[in-house]
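Asks: I'd like to ask some things about the structure below.
The values are calculated or read from the model by the stated rules, or taken from the named source; none is laboratory data. Just so you know, these numbers come straight off a predicted model, no measurement behind them. Glycine also receives a Cβ, built like all others from the backbone with ideal geometry; neighbour counts cover every protein chain displayed.
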């Protein structure tokens, strides 16, 4: 039960943003799946918790599309883990995703911030 | 199939390792934060979620999952089939029979009808033939006529011409430095190869002069076909410029044609081509003296055959006007333009092939229907298993896919067996197929045939398993799970569907059997046609010798007569004789026609139209074949080169010569035609009608002349130097005499050692023609159809009885009479049989015309055949129904009820 409370102030990811977030994470350097979950959690101020069930399908999909590449490496704690690295195509994809994301944010913001007309009441 | 599987396995392991690493890292972090190992593991696991599910979802991303699923289904299908071997084997054998018939027939059709010709754009090649007013094609076209066409036709291009020395069956001898080989020798115009669109593989073709003829400087050059170059000259790269002899005449080799190129295509022997250079005889138009050529041309682009024919006819009016002789003019006044492809296959051959192909297709359909019925039954039996899979989450699509894959596995296995069966069938019918359809290549499934097989396999699988698969997948899951025992009702529609399939099967089988029955009657009738001569203990061989070696000698006196003398004295030989062609043989034929007489009376015209078969024979022929004499005498030893020339004619000849109803006896002593030195040949005997061309062909007018009377210079000497056969009547089994015969013949001339001996019975057998072949094939197709059909009836009834065991048990327990139960099952069988037979008779009535061309002495709608076949199927069907009927009557009520 305690666990659930911890997650209370976390939000669901908007559809289609996971790919973008993962690619962005990888721009900071090669990372393994667990590392990416931690990075997203920390850098979002403990708000974003990516589910493993979404993470790995997404990573494998990105790899199939050629946006990331993977290799097995040792972690600092001397464990074998699969590291993902963003490719040139992935970077291009990220910038276009980012552009669309920005558009989306602006569009949503424009609608949400507009005062209802003639609603003085 | 192994490789992708290995790849998947490896990827799977890696994915698992990746997730485990994730789990370990999460645990380590938690333990660092102070959780105990147990708590850390539990929490990390919980946070992670369902690992197998994550794996599954992730694998979806790989894209190749469908393949993995297919492999899974294949393994599952194999397991299923292994678990029901009886079903698997029955279905496979059934399907393989159908596939084998279809593939075997398609192979033949492919070879005969769909053979790609070795020329560029062969579809636009046409053959041009001059015809008489009466529509009779002539012997060929005169050079001057061809030249006129070349000058004036716009719709035809590259009009080329050729002549095959001695006719298609004739053998010439090609001699190199140390080789001698039998060849076909075609005299061709220089533009022929350009018209065909083929070029020499080595060297060049003939130089072109005026009118497409060969330039005189190439007069003594020769082109070799690839086959000759390889067989006779061991593919010698230095062949160009070498000297070879054909029938004694010397030629220089100037080129070798590419592999597979032959023209004309109808020849049995490998080809050489020699140049056509117009002679003085070519510069006139006299029907009997001017040489004649076959003519081939290419349609100008955009021109149709009909348009070309129209244009040619216009030109031909003017051509005909240049013939001064009225009779000659009448013989060439019309013209026919035909696609070259279409001239290669006889219409009757095409029709009988298509009929047989159709029969094979019907058999294949029957097999598919049978397997569909089997699969339906099996799907019903497996309803529970499938319901369980559905309940566990398998989608309908997945279940259908799985069942389709099972069908595909079955039909793939069947196609493997089928191709073996097809090859065996082709091997078994090799002789018949090759003689009937003029196939000179090896009959074996080629790539195109394999493609068709693949297609048929897939269609078979789809046709037979889609329906059952959909039926099962659509069935609601819950009732099947709830009361899913063998006893549960499986829906009336499905039973009705299966009954309909069996009815269709009966109908199709009946159609096939009717065709088979009609051909059996045809063969029976043909076997009882009086041939007009004896065939037992007779052996014949056609002799081919390089006759040019005897150019200035009397062939008969120097070669044949001494040979005959020696053969007659061989032990075991009762009598022996020579003849230019064997009755019913297909190698050679002399057609004799008469001039127009002096007057232009109706009788003269009629007589000039007679096309008599002429045959030169020695007197002993009567002892060998024992032809039936009507009147007068046959030749004897008193008929010599110096005595009065005599001829023997047959009854049909007199009918045509004298008109209907004349007395053969009065015809004796009639002088018939000039034989030698103005001496007339006189009729001394009349033979009864006999069969010359084929059993199904009525007797034709025939003239026989006596060989000892023929000397160089007499009318018949020419033909006797082209072809000669020997016929031997033996006292014992003909085969035992062959070695000695060969020996004697080799001593007479070395080439004769290769003569092919056949018994006269085989010749007669071959002359039954396509009927014999068709009836044999249809016997097999019809027999298979009958078996499949009976199996289908049995299968359905047996299944129904098993399904109704409980109901039957209750009925018996309630006092139903066993006889009644039996009658109930038989009634069901009777219903299906009646419906099937009625449909089948209608079908047979509508389609039996297709085999019409093959029939002899029996009508396509012969009621007796239809009745007999119907009866056979009815008996067979009822017999098949008896077993399940008796089982229905024998149900033990206690056992049936207890088995619940």
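Asks: If you check residue B:742 against the conditions, is it part of a helix (DSSP H, G or I) and modelled with pLDDT of 85 or more?
Replies: yes
Asks: Can you tell me which residue within segment A:25-38, out of those that are away from chain B (no Cβ under 14 Å) and in contact with a strand residue (DSSP E or B) (Cβ under 9 Å, 6 or more places away or on another chain), is farthest from residue A:98 (Cα to Cα)?
Replies: Selected residue: A:30.
Asks: Working only within segment A:72-110, note down all residues that are assigned to a helix (DSSP H, G or I), under 30 Å from residue B:20 (Cα atoms) and in contact with a helix residue (DSSP H, G or I) (Cβ under 7 Å, 6 or more places away or on another chain).
Replies: Initial filter on segment A:72-110 (assigned to a helix (DSSP H, G or I)): A:88-110.
Then drop every residue that is not under 30 Å from residue B:20 (Cα atoms), which leaves A:88-91, A:93-94.
Across segment A:72-110, the qualifying residues are A:90, A:93, A:94.
Asks: Being more than 8 Å from chain B (Cβ to nearest Cβ) and assigned to a helix (DSSP H, G or I) is the filter here; which residues of segment A:39-57 pass it?
Replies: Just the residues of segment A:39-57 that are more than 8 Å from chain B (Cβ to nearest Cβ), to begin with: A:39-50, A:54-55.
Selection gives A:39, A:40, A:41, A:42, A:43, A:54, A:55.
Asks: Here are some residues: B:321, B:309. Which one is within 30 Å of residue B:134 (Cβ to Cβ), without any contact (Cβ under 8 Å) to a residue 40 or more places away in the chain and in contact with a strand residue (DSSP E or B) (Cβ under 7 Å, 6 or more places away or on another chain)? First the steps, then the outcome.
Replies: Details: B:321 fails: in contact with a strand residue (DSSP E or B) (Cβ under 7 Å, 6 or more places away or on another chain).
After ruling out the rest, the residue left standing is B:309.
Asks: Kindly indicate the residue of segment B:10-55 that is touching a helix residue (DSSP H, G or I) at 6+ places or on another chain (Cβ under 8 Å) and assigned to a loop (DSSP other than H, G, I, E, B) and also nearest to the other protein chains (Cβ to nearest Cβ) among those meeting that condition.
Replies: Going through the qualifying residues, I end up with B:49.
Here's the yes/no breakdown for (1) surrounded by fewer than 21 Cβ atoms within 10 Å (Cβ to Cβ); (2) farther than 20 Å from residue B:122 by Cβ; (3) at pLDDT 90 or above:
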| position | (1), (2), (3) |
| --- | --- |
| B:209 | yes, yes, no |
| B:248 | yes, yes, no |
| B:276 | no, yes, yes |
| B:284 | yes, yes, no |
| B:287 | yes, yes, no |
| B:297 | no, no, yes |
| B:300 | yes, no, yes |
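Asks: Give the residues of segment B:621-673 that are at positive phi, more than 39 Å from the chain's Cα centre (by Cα) and not in a strand (DSSP E or B), sorted by residue number.
Replies: Within segment B:621-673, B:659, B:661, B:669 qualify.
Asks: Name the single residue, out of those in segment A:58-96 being away from chain B (no Cβ under 14 Å) and buried (at least 19 other Cβ atoms within 10 Å of the Cβ), that is nearest to residue A:31 (Cα to Cα).
Replies: A:86
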